[in-house]
Amino acid sequence: MKELDKETLGKIIAGALFGGLFIYAYVAYFWMPYSKKIADNKVKLEKLEKDISSAKQIKAQFKNLQEKLEQLKIQKAEAEKKLPRDKKLPDLIRTLKSLSDKNSVKILFINPSSSSRDQYFTKVNYSMSVKGKYHDIGRFFAAIALEERILNVEDLVISQLDAAGDSCSVNFNLSAYQYGG
């Protein structure tokens, strides 16, 4: 075997030293930071996948949530037609006028009278007088009772107008209810 001279030995040591330095630099500045980023990203990915699966489970539980919300909105609108939040006097007058025309009854007057507040609703009273044939007035009252809005006829007073008995006048209180909650 040949003995290595000092220069060749120095070159080998320098090469090994530079190789070791290169490997250290590669591991310290490239391998370790990227492997740490990869590990962090794996943890984030696992967390996101867990969140996605959790969201899918929640979605499965509330699959019909949008449909239920739409149904509840429709029910709310229907309930507000029956028990509105405010008086809606013009709508009430239009409804009464329409019903009186359909049943051949003439409205003589509508006067707002008292109102009383309960825990959940307010009762607004209107003093009314109508004129027409007895059976037409009866159909008029039946039509009021069948209205979508909650209306009530109270304190009915019937008086006869003509001698033939065809026409009569009726004074009564109409109670309209509105939501007071």
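Laboratory data are not the source of any read-out in this text; all were calculated from the coordinates shown. Predicted, not measured: the structure shown is a model, and the values here were computed from it. Reconstructed Cβ throughout: ideal geometry from the backbone, glycine too, with neighbour counts over all protein chains shown.
The table for this structure:
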{"read-out": "Cα-based equivalent ellipsoid of the chain: semi-axis lengths in Å, sorted from largest, via gyration tensor", "value": "96, 14, 11"}
{"read-out": "FRET efficiency estimate (nearest 0.05) - Cβ-Cβ, I23 to K44, R0 30 angstrom", "value": "0.50"}
{"read-out": "18 Å Cα-Cα threshold exceeded, pairs from K88/K133; K68/K88; K97/K131; K76/K102", "value": "K88/K133; K68/K88; K76/K102"}
{"read-out": "Helix-only [θ]222 nm of the chain, DSSP H runs n ≥ 4, -39500 (n - 2.57) each, per residue, nearest 500", "value": "-18000 deg cm²/dmol"}
{"read-out": "Taking N as its residue count, the alpha carbon Rg of the stretch 1-63 over 2.2 N^0.38 Å", "value": "2.44"}
